[in-house]
Structure formats: structure tokens, C-alpha cells
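The values are calculated or read from the model by the stated rules, or taken from the named source; none is laboratory data. Computed from a predicted structure; not experimentally measured. Because the Cβ atoms are built from the backbone with ideal geometry, glycine has one as well, and the counts that use them run over all protein chains shown. These area figures cover heavy atoms from the full protein model, side chains too; ligands, DNA and RNA do not enter into them. Shrake-Rupley method; radii C 1.70, N 1.55, O 1.52, S 1.80 Å.
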Amino acid sequence: MVTRTTTTATTATAATTILTKIQAYAQTNLRSIAAEFDKSENFPTEASEQLIAWDLLRLPISVEKGGLGGAAGDFLEAIRMISQEFAALGSIFLTQNCFGIWPMERFGTSMQKKKYFDQLVNGKLFGAFAFTEPQIGSNFDELSTTATFDSGSWIIQGEKSYISNATKAGIFYIVARIAASEDYGIFIVPAETAGVTIGPLEAKMGIRSLPVASLQLTNVSVPDCQLLGGKIAAKTQTESILNHIRLAIAAQAIGISQGAFERGLTYVRKDRKFGQRLIDLPTTQYKLAEISAAIATTQALLRQIMHEDIEDTLSVSMVKLKASDLAIATTETIIQVTGGYGYMRENDIERYVRDAKVTAVYGGSSETQKKIISRQFLARDDPE
């Protein structure tokens, strides 16, 4: 019992130390470079390497698996802090954790984990999840990418789009329909595999430093041992993977809201040469009060889900929907209360507006979250 208590205390101390470092780093270094990388759209290598060196990716991994044993909420708190200053960098790390590490940790076979897990956790190998396809989005029923079993190997054909961290990835998790069946599998495909072609970087409105590209798969052959978990179970696996990233995106959206709110509040408090400060206007006060209350409420919902059940798809969809709506509403309101200043590209507020938009798109659109939430209303009452 003494050993367990000591271990828990040590874990909590390690998590607190890392989060303290990240918060200070975000408020200084990341705040100073975010606009520059938004303009250049370059990958923030130095900042990424610093966060990896501080064991950000190891934070939520159990000690038994080579991690620091922190709670999942600790990682989400880090994503919130980073995204409050540099949302694109937050996207890079939430993608690596949720689309790179989590599928391997949760579903990988012993052989797959031995081959890839440590490299993913140490940041030496990036992973990317390839589900979305051109025109159809992320819909199992319409997937055109197929996997055909032939002489101990799987032959994969298809095209994937909008893959986060695509140009950095060393492995791709490819979601494909099993040929001549109604089943689906996820296949671990190394980026250097013959037949894998990574497309050019997409030009994006926001989250510009996150590398996003398409993927072409032409007669890609991988051995049967590369089937994630050693079984055909993509629907169950994908639901868990998407739940994981939706929680991270919710944390990111809260961070974006807080970052925009902070900058807007700083501006409206400034003294003016003529007339009263903008914050002295009751309408400005009321709008900011509504934002502050909405941020606190959404944070509380996320914490409740983290405490109760991170695999509850209904609750996860609710917080993802509310958080992305919050980010968009907050940034647009800050534009309104700051007037022409907020609309100019010389300040950060305009960047936050663009970054907020993507939280309602990736990880499953807001429309998708509404569909998931509304399923509970479609059940028919039992006949009397």
C-alpha cells in the first residue's frame, strides 16, 4: 500500500512538473512564434522537439508501458495550454497521440507494439490515421478503399484525403473494406511501402503548420501481421480512436476560445484618447460575461466525461460539438467587440478565428456529432 501511494504521488508530481513547463513555454516561446508559423506554414520542428524532450507524448502512458503514468486529462490539459497560444502545434500533438499512439496502445498485437510503440511514444515515429476519402468523407458504408487477402498478404487499393501529419508519418493506419464482404479492417502500412504515394500539402485556411495531404494506395502489399490487433474489427476500433481525438479537439477548442478571449479582453481594457474604454460599455461587458460562462461550462463538461467514461460516444460527441461551437462563437464575438482591430491580420485575433473553424470539421464534423447525438431520439417505443 505504501509503494502504491508513493508511486501515485510521484506520477502526480511528474505530470504537474511537465504541465508547469508547458504552460510557461506556451505563454512565452509559443506565443512569440505562432504568427510567424501561421504565415510560413512551416512545420514547427524546434518547438515539437522541445515538447517531445519534455515527455509530452509519454505523459498519459502507463509506467508499465514506458510512460509517466499521468491521467488522460493531463494530456488534454497540455493540448489546451498549447492551443491557447499555437493551435496548429496542438493539432500536431493531438494527432500523434490519438491517431498514432492510441490505436497501437489500445489495439496493437504484442508484435505490433514491440515494433512500433516505443518509437511512437518517443516521437521518433509519427503515425497518421487514414479514414476519410474524397467526396464521401468518413462513412463506412461508402468506403471505396479495399483490402484483398492473397497468399498471406493484403493488397490495398484506394485513395484517402485530408490526412493530418501525412508528410511526417512513418506509418499509416489505413481503414479499408474487406473485398467481397461487408467487413472492414485497419491496416498498419509503413510510409515507404511500394505503392504508397503521399500527395502535396493542402493549402488550409487555419491550423496552417499542421501538414495535411492526401494518400494514394496502388497495389500496396502488407503481410497479414500488419492487420491492427490481428483481427478485422475496424468499426469498433475506429469508434474508440475517434472518441479519443474528439476529446482532444474539445480541449483544443477550449484553448482557442481562451486565447481569443484573453486577447480581446486586453484590447477592450485599453485606455482611449477620446471617449470611454470599450470594456466600459455594458454591451461589451455582457458579451464577455456570456463567453466566460460558456468556456467554464464547456470545461466542466469535458472534465466530467474524463472522470466518468471517455468511451461514451454520446457524451464525447456532445462535448466535441459544444466545444467547437464555443470556439467559433467566441472568436466571432471577439471580432465584434474589438471592431476593425480584431479584423486586421497584424494581431492574433484574426488567426484565432480561422483556427477555430477547423475544430468543427476534423475528427468528425459538427453535423456528424449531431447525427450521433440524435440517434437516441430515433428508438421506437416498445409496443404495449
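Rundown of residues vs (1) open to solvent by 50 Å² or more (accessible area, probe 1.4 Å); (2) among the basic types (K, R); (3) under 26 Å from S240 (Cα atoms), yes/no style:
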{"site": "Q252", "(1), (2), (3)": "no, no, yes"}
{"site": "D271", "(1), (2), (3)": "yes, no, no"}
{"site": "L281", "(1), (2), (3)": "yes, no, no"}
{"site": "K287", "(1), (2), (3)": "yes, yes, no"}
{"site": "T297", "(1), (2), (3)": "yes, no, yes"}
{"site": "L302", "(1), (2), (3)": "no, no, yes"}
{"site": "D309", "(1), (2), (3)": "yes, no, yes"}
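Return the residue satisfying two criteria in turn: it lies in segment 81-108 and is open to solvent by 30 Å² or more (accessible area, probe 1.4 Å) and either within 13 Å of A250 (Cα to Cα) or of a type in the set (D, E, K, R) (or both), and of such residues it is nearest to the chain's Cα centre (by Cα).
Q84
What is the number of the single condition among (1) surrounded by fewer than 23 Cβ atoms within 10 Å (Cβ to Cβ); (2) touching a Ser or Thr at 6+ places or on another chain (Cβ under 6 Å); (3) of a type in the set (S, T, N, Q) that S324 does not meet?
Only one criterion in (1) surrounded by fewer than 23 Cβ atoms within 10 Å (Cβ to Cβ); (2) touching a Ser or Thr at 6+ places or on another chain (Cβ under 6 Å); (3) of a type in the set (S, T, N, Q) is unmet by S324, namely (1).
May I ask you to list pairs of residues, at least six apart or on different chains, whose Cβ atoms are under 6 Å apart, with the first in segment 108-119 being farther than 19 Å from A234 by Cβ and the second being open to solvent by less than 10 Å² (accessible area, probe 1.4 Å)?
Partner pairs satisfying both residue conditions: F117/M104.
Would you mention how many residues in segment 56-73 are open to solvent by 30 Å² or more (accessible area, probe 1.4 Å) and either of a type in the set (K, R) or at pLDDT 95 or above (or both)?
Count: 2.
E133: among the acidic types (D, E) and open to solvent by less than 20 Å² (accessible area, probe 1.4 Å), yes or no? Before the answer, list the steps.
Values: among the acidic types (D, E): yes; open to solvent by less than 20 Å² (accessible area, probe 1.4 Å): yes.
Criteria met by E133.
Condition check ((1) aliphatic (A, V, I, L, M); (2) in contact with a helix residue (DSSP H, G or I) (Cβ under 8 Å, 6 or more places away or on another chain); (3) closer than 27 Å to L51 by Cβ) across all residues:
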site	(1), (2), (3)
Q119	no, no, yes
P134	no, no, no
E142	no, no, no
A147	yes, no, no
S151	no, no, no
F172	no, no, yes
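Do the conditions hold for T148, that is, is it hydroxyl-bearing (S, T, Y), without any contact (Cβ under 8 Å) to a residue 60 or more places away in the chain, surrounded by fewer than 20 Cβ atoms within 10 Å (Cβ to Cβ) and under 30 Å from S40 (Cα atoms)?
Numbers: hydroxyl-bearing (S, T, Y): yes; without any contact (Cβ under 8 Å) to a residue 60 or more places away in the chain: yes; surrounded by fewer than 20 Cβ atoms within 10 Å (Cβ to Cβ): yes; under 30 Å from S40 (Cα atoms): no.
It is false that T148 is hydroxyl-bearing (S, T, Y), without any contact (Cβ under 8 Å) to a residue 60 or more places away in the chain, surrounded by fewer than 20 Cβ atoms within 10 Å (Cβ to Cβ) and under 30 Å from S40 (Cα atoms).
Check off (1) surrounded by 15 or more Cβ atoms within 10 Å (Cβ to Cβ); (2) modelled with pLDDT of 95 or more for M111 and give me the number that stays unchecked.
(1)
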